[in-house]
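Scroll down for the structure; my scribbles are underneath it.
The values are calculated or read from the model by the stated rules, or taken from the named source; none is laboratory data. Because the structure is predicted, anything quoted here is derived from the model rather than measured. Note that each Cβ is placed from the backbone with ideal geometry, even for glycine, and that neighbours are counted across all protein chains shown.
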Amino acid sequence: MDTVKGFVSNIYKSSRWTNMLFYAEFALTLLILALLKDTKNQSLMLIYFLIGAVISNLMVLYLSGKITKVCCTMERLKEEAAKDYLTGLDNVRSFDKSFNELISKARGNEESIALLAIDVDLFKRVNDTYGHAAGDAVLRELSTILLKSVRDFDVVGRVGGEEFSVILRDCTKERTLEIAERIRRNIEGDIFVLPCGSTIKVTVSIGVAVYPATVTDVNLLKEEADSKLYRAKHSGRNTICI
């Protein structure tokens, strides 16, 4: 909302806005003078000028309201475009943007950064057995667990159907494993309630890559995390590989 207010404020201060009001009032003044050219009634002229001032201010209020509404709509659409429609997490486009910015910062400042690649185990069975509405409910609940399991400044995104990724900023290898295990344990311990009333258990496999502890080239962080995820899924699932 501060962005919107700032935008509107800048419009008020802009020369284009000022010129527009000036010309509008100037045109209104000419119109009044034309109407009153044959009258010497100064009181009537003053009344017309006051009416003109009121109309000008009403125009300003109306236009500023429209501008604010448009800006709010643009902000909302921008936010929605960056979020996954189902879970409310960052979508793949927004997540990749954050990832590229953060790895660049980590490389420049020589900071540690970690990436978790997470996949829901046997998710297809949920859809096949209970339907896609049940699958969607599982993904929403799992997203909530992910957000509660990480730190406030970490980045969580849904990057595929049942695939999620987490960026852990300024995080050592040991701390990364603690967070990954907390995620795995919290999901395993949760009871997922489906729209039909049934309850199921869900587990995830997690691949972990940490720069510079396990990956010396920060640009290979995503590739390494995906590789470890593949190993986790082929090592019995419900596990973490680093």
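Listing for the model above:
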{"read-out": "Qualifying residue in region 215-224 (condition: without any contact (Cβ under 8 Å) to a residue 40 or more places away in the chain, surrounded by fewer than 19 Cβ atoms within 10 Å (Cβ to Cβ) and under 20 Å from Leu122 (Cβ atoms))", "value": "no"}
{"read-out": "Per-region count, region 61-81, residues closer than 30 Å to Thr144 by Cβ and either at pLDDT 70 or above or surrounded by fewer than 13 Cβ atoms within 10 Å (Cβ to Cβ) (or both)", "value": "7"}
{"read-out": "Residue within region 96-103 that is over 22 Å from Gly189 (Cα atoms), modelled with pLDDT under 95, part of a loop (DSSP other than H, G, I, E, B) and in contact with a helix residue (DSSP H, G or I) (Cβ under 9 Å, 6 or more places away or on another chain) present", "value": "no"}
{"read-out": "Which listed residue, of Val204, Val138, Val126, Val218, is of a type outside the set (Phe, Trp, Tyr), under 25 Å from Lys97 (Cβ atoms) and in contact with a Leu (Cβ under 9 Å, 6 or more places away or on another chain)", "value": "Val204"}
{"read-out": "Residues of region 108-132 satisfying the condition of being surrounded by 19 or more Cβ atoms within 10 Å (Cβ to Cβ) and in a helix (DSSP H, G or I)", "value": "Val126"}
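Let's see how each residue does on (1) touching a residue at least 40 places away in the same chain (Cβ under 8 Å); (2) in a loop (DSSP other than H, G, I, E, B); (3) surrounded by fewer than 18 Cβ atoms within 10 Å (Cβ to Cβ); (4) in the same structural domain as Ile113 (by TED's automatic domain parsing):
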{"residue": "Ala134", "(1), (2), (3), (4)": "yes, no, no, yes"}
{"residue": "Ala137", "(1), (2), (3), (4)": "yes, no, no, yes"}
{"residue": "Asp152", "(1), (2), (3), (4)": "no, yes, yes, yes"}
{"residue": "Gly160", "(1), (2), (3), (4)": "yes, yes, yes, yes"}
{"residue": "Val166", "(1), (2), (3), (4)": "yes, no, no, yes"}
{"residue": "Glu178", "(1), (2), (3), (4)": "no, no, yes, yes"}
{"residue": "Val208", "(1), (2), (3), (4)": "yes, no, no, yes"}
